[in-house]
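Worksheet: one structure, shown below.
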Amino acid sequence: MSTKYDVSVIVINYNSKKYIDNLFDSLAGLVHSDFSYEVIVVDNASTDDSIAYLESKQYDSKMNLNIVRSDTNRGFAGGNNYGVKHAKGEYIVFLNNDTAVDKMWLEELYHFIKKNKNCVIANSKLLFFYDYIELTFQTKDKIVLKRDIEINNHIYYADGKFITNCLCEEKELVCFGHTTVKLPLLDGKAAHSFCIHTKLWNGDTDSIVVGKKEYKADKNGDVKIELNDEEVKQLKITLIQNAGSGIDKVYNGYDIGFCEADSSKYCKPYEINNGCGAAIIMKKEDFVACKGFDERFFMYYEDTDLSYRMKAGGGKIMFCPTSIVRHIHTGSSTEWSPFFTYHVYRNKLLFLYKNYNKKLFYMYYLRQYFDGIRSRDAAKKAGCKDAYRIAVKKQKNIRYKN
């Protein structure tokens with residue numbers, strides 16, 4: 001298999017103009033001391049001006065940039081397969097577009113897989129894009145906050161992933177003495193102001209604690225928190241988005257370390273069950289020998305399915321802690337939207353059918369389908385039905401549209 005570069009980095013673009021500056025500015029600063037690389041952008045039939053914008057930025061003068069256009073949206077699986085057909089590297093890297101990479105990201109990842117001869121896939125350390133400030137609460141009963149919070153004049157809808165021991169309602173957070181809420185530093189490491197609007201607050205006993213400081217609500221019911229540069233530096237928490245991936249006891253995929261603080265636990269390499277397609281490296285010849293991503297998956301579980309095929313010959317999948325990527329997470333789809341739900345429910349079943357056995361497939365098919373009935377969720381039911389049609393009836397792939 002002829003090669004021109006040591007590494008081909010493949011990025012899928014679909015109406016992703018808002019991510020271009022962060023990603024490509026970081027790629028332009030990559031250290032690559034003793035190897036060459038190219039960046040292949042596969043445009044999945046975007047309808048915005050993202051590619052025209054990318055071309056106008058002239059990143060090709062800073063890297064070996066190759067933009068290839070697909071006339072249809074091939075999804076993550078098909079788009080990356082299409083990118084590999086144009087790749088001229090000995091190694092290929094799949095990188096999500098909603099990321100920014102550390103300058104040593106590729107240097108560390110490339111040398112890690114070269115050094116570990118039995119490693120067939122190496123997984124970067126994925127950190128959430130922003131660092132966070134943690135709030136705790138002092139109350140004799142409960143504190144009710146509006147879920148929309150002002151951060152440096154941005155309106156931020158508090159994300160349940162970063163909230164613990166709290167009743168998260170659509171427009172309110174019901175917080176107790178053991179609640180923690182983590183808020184993102186949306187403007188990087190600089191000073192930040194937070195304005196938290198309260199709905200139920202006892203002025204005598206209630207407070208929000210940040211570090212060692214207590215903050216009270218003013219006469220309008222607003223809690224205003226001002227942190228200078230030094231306070232941000234001392235109090236910020238870096239959170240893991242993915243330190244490798246796994247499959248739990250009921251065959252759901254999960255991210256190792258998800259929402260945990262980055263710590264020494266995630267600063268050493270270890271073997272993992274499967275890789276996360278947001279930032280992984282492998283030999284192109286190994287990927288091609290495994291016939292690439294299964295395009296029936298479109299997106300979600302396709303990286304897990306590939307991992308099982310890649311390690312079938314006895315190779316290992318490894319976590320590389322020194323290869324660091326900042327990741328927005330679900331930047332191309334909204335978490336638990338109908339589109340997301342459909343593909344997760346469908347692709348879990350396809351994964352079971354391919355990599356385990358039919359008995360397990362039918363058991364989870366029934367469980368998931370009746371879950372869709374109970375919850376009156378059309379996307380769940382459609383995902384199950386289409387998994388059955390694709391796997392059992394061998395019909396052409398069907399994609400749910402909300």
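On inspection, Tyr266 does not qualify as in contact with a Cys (Cβ under 9 Å, 6 or more places away or on another chain), among the aromatic types (Phe, Trp, Tyr) and crowded, with 17+ Cβ neighbours inside 10 Å. The residues of segment 114-134 that are within 22 Å of the chain's Cα centre (by Cα) and open to solvent by less than 20 Å² (accessible area, probe 1.4 Å), listed by number, are Ile121, Ala122, Asn123, Ser124, Lys125, Leu126, Leu127, Phe128, Asp131, Tyr132, Ile133. The number of residues in segment 381-402 that are of a type in the set (A, V, I, L, M, F, W, C) and closer than 18 Å to Ala77 by Cα comes to 4.
Yes/no per residue for (1) modelled with pLDDT of 95 or more; (2) over 27 Å from Trp105 (Cβ atoms); (3) of a type in the set (A, V, I, L, M, F, W, C); (4) under 25 Å from the mean Cα position of the chain (by Cα):
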{"residue": "Ala289", "(1), (2), (3), (4)": "yes, no, yes, no"}
{"residue": "Ala312", "(1), (2), (3), (4)": "no, yes, yes, no"}
{"residue": "Ser332", "(1), (2), (3), (4)": "no, no, no, yes"}
{"residue": "Glu335", "(1), (2), (3), (4)": "no, no, no, yes"}
{"residue": "Lys348", "(1), (2), (3), (4)": "yes, yes, no, yes"}
{"residue": "Met363", "(1), (2), (3), (4)": "yes, yes, yes, no"}
{"residue": "Lys380", "(1), (2), (3), (4)": "yes, yes, no, yes"}
{"residue": "Val392", "(1), (2), (3), (4)": "no, yes, yes, no"}
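Selection of segment 250-260 for residues being on the phi < 0 side of the Ramachandran plot and either modelled with pLDDT under 95 or open to solvent by less than 50 Å² (accessible area, probe 1.4 Å) (or both) yields Gly253, Asp255, Ile256. For the list (1) closer than 28 Å to Asn242 by Cα; (2) surrounded by 15 or more Cβ atoms within 10 Å (Cβ to Cβ), I need the number of the one condition that Thr139 fails. Against the list (1) closer than 28 Å to Asn242 by Cα; (2) surrounded by 15 or more Cβ atoms within 10 Å (Cβ to Cβ), Thr139 comes up short only on (1). Among the residues of segment 224-249, which ones are without any contact (Cβ under 8 Å) to a residue 40 or more places away in the chain, open to solvent by 10 Å² or more (accessible area, probe 1.4 Å) and either polar (S, T, N, Q) or not in a helix (DSSP H, G or I) (or both)? Correct list: Lys224, Glu226, Asn228, Gln234, Asp248, Lys249. Total residues in segment 71-99 satisfying the condition of being touching a residue at least 40 places away in the same chain (Cβ under 8 Å), open to solvent by 10 Å² or more (accessible area, probe 1.4 Å) and more than 22 Å from Ala289 (Cβ to Cβ): the figure is 3.
Every listed requirement among (1) touching a residue at least 40 places away in the same chain (Cβ under 8 Å); (2) farther than 30 Å from Val344 by Cβ; (3) open to solvent by 60 Å² or more (accessible area, probe 1.4 Å); (4) not hydroxyl-bearing (Ser, Thr, Tyr) is met by Lys62 save one, (1). Considering every residue within segment 166-173, establish whether at least one is over 24 Å from Ile240 (Cα atoms), assigned to a strand (DSSP E or B) and open to solvent by less than 50 Å² (accessible area, probe 1.4 Å). For segment 166-173, residues over 24 Å from Ile240 (Cα atoms), assigned to a strand (DSSP E or B) and open to solvent by less than 50 Å² (accessible area, probe 1.4 Å): present. What number of residues within segment 142-165 are over 15 Å from Ile196 (Cα atoms) and of a type in the set (Ser, Thr, Tyr)? Here the count works out to 1. If you filter segment 174-198 down to residues that are open to solvent by 20 Å² or more (accessible area, probe 1.4 Å), in contact with a helix residue (DSSP H, G or I) (Cβ under 8 Å, 6 or more places away or on another chain) and not in a strand (DSSP E or B), you find that the one that is farthest from Asp222 (Cα to Cα) is Lys189.
In segment 352-378, the residues that are free of Cβ contacts under 8 Å to residues at least 60 places away in the same chain reach residues that are open to solvent by 40 Å² or more (accessible area, probe 1.4 Å) and assigned to a helix (DSSP H, G or I) with C-beta atoms within less than 7 angstrom, at least six apart or across chains, in these pairs: Asn355/Tyr308; Phe361/Tyr353; Tyr365/Tyr388; Tyr369/Lys381; Gly372/Lys381; Ile373/Lys381.
The values are calculated or read from the model by the stated rules, or taken from the named source; none is laboratory data. Source: prediction; values computed, not measured. Reconstructed Cβ throughout: ideal geometry from the backbone, glycine too, with neighbour counts over all protein chains shown. Remember, those area values only see protein heavy atoms, side chains included, never the ligands or the DNA or RNA. Shrake-Rupley method; radii C 1.70, N 1.55, O 1.52, S 1.80 Å.
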